[in-house]
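One structure, as C-alpha cells, below. Some questions next.
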Amino acid sequence: MSSVWGRMVGITIALCLGLVITLGSVESKADDGGGKLYTASNIWIENPGKVWSTNYKRGWILSAGTEIRDVKQSKKAVQFVVAETGVAVKIVFVGKHHPGTSASDIHDRLVTGKDFEALTAGFSEQEIEAIKKGAHEVGMSKESILVSLGYPPEIQTPSTDSNVWKFWAHRFNTFDLHFDDQGKVETIVD
C-alpha cells in the first residue's frame, strides 16, 4: 500500500512541477494570434540586459510605439526583442517600488498592439512632440504623460487618479507632476 501511495505522491509532484515550469514564463498576453506588438510607453535604457521597472529617466530612450517581438513574462521580469535592431531587453520587476502590482501588471503597461500613431491619437501636437523627446511639460494630459514617461511607481503614487505623480529621474532624484482638475500638468516640481 505504501509503494502505491509513494508513486501517487511522486506523480502528483511531477505534474505540479511541470505546471509550475510551464507557467513560470508565459508568452505575451497582448499577442492575439500573430498581431504586431509595440512598447506602450517610452522606456529609458542604461543596460538592455537589466532595466528596472521603476523606469529611471537615464540612458537612451526606447520610444513608445517601437515594434517588439518574442515577448515573455515571468514573475520577475518582462523580456522582449526590439524588432528593428534585435536588441534584447529585460525589464526587471522591482516589487518594493510597485506595491499591490505584479510583473503581469507591468507587462500590461509596457506591451500593446498599438503603434505610435494609434498610441498618440487625439493628443495635441505639443504632447506628441514631448512624447518623442521623452519630456514632461505643462499642459500635457495624464494619458500623454503615461505614454511619455510610463506609469509612476506605486510606492509614491498609489493611484493615477491622484493629482500628484512622483517619478524618478535616477536612483537619488525625483520630480513631481501636479495635475489640475482637468487632468493636465499644471506644475512640475524638481
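Taking N as the number of residues in the range 26-189, what is its Cα Rg relative to 2.2 N^0.38 Å?
Computed over Cα atoms of the range 26-189, the ratio equals 0.98.
Continuing with the same structure: Net charge within 12 Å of P99 by Cβ-Cβ distance, Lys/Arg positive one each and Asp/Glu negative one each, not counting P99 itself?
In short, -1.
Using Cβ counts within 10 Å as a stand-in for footprinting exposure, how do E129, E143 rank, fewest first?
Listing E129, E143 from fewest to most nearby Cβ atoms yields E129, E143.
Which value in nm describes the separation of the simple spin-label points at H178 and K72, placed 7 Å from the Cα toward the beta carbon?
It is 4.6 nm.
Which value in nm describes the separation of the simple spin-label points at S102 and N163, placed 7 Å from the Cα toward the beta carbon?
3.4
Compute the whole-percent fraction of alpha carbon pairs in the range 92-190 spaced more than 17 Å apart.
Percent of Cα pairs beyond 17 Å in the range 92-190: 53.
Right, here's the next one. Out of the chymotrypsin sites (Phe, Trp or Tyr not before Pro) in the range 46-129, which ones are loop residues according to DSSP with at most 13 other C-beta atoms within 10 Å?
none
Bear in mind that the values in this text are calculations on the coordinates, not laboratory data. Just so we're clear, the structure is a prediction, and the values are computed from it rather than from any experiment. Heads up, the Cβs are rebuilt from the backbone with ideal geometry, glycines too, and the neighbour counts pull from every protein chain shown.
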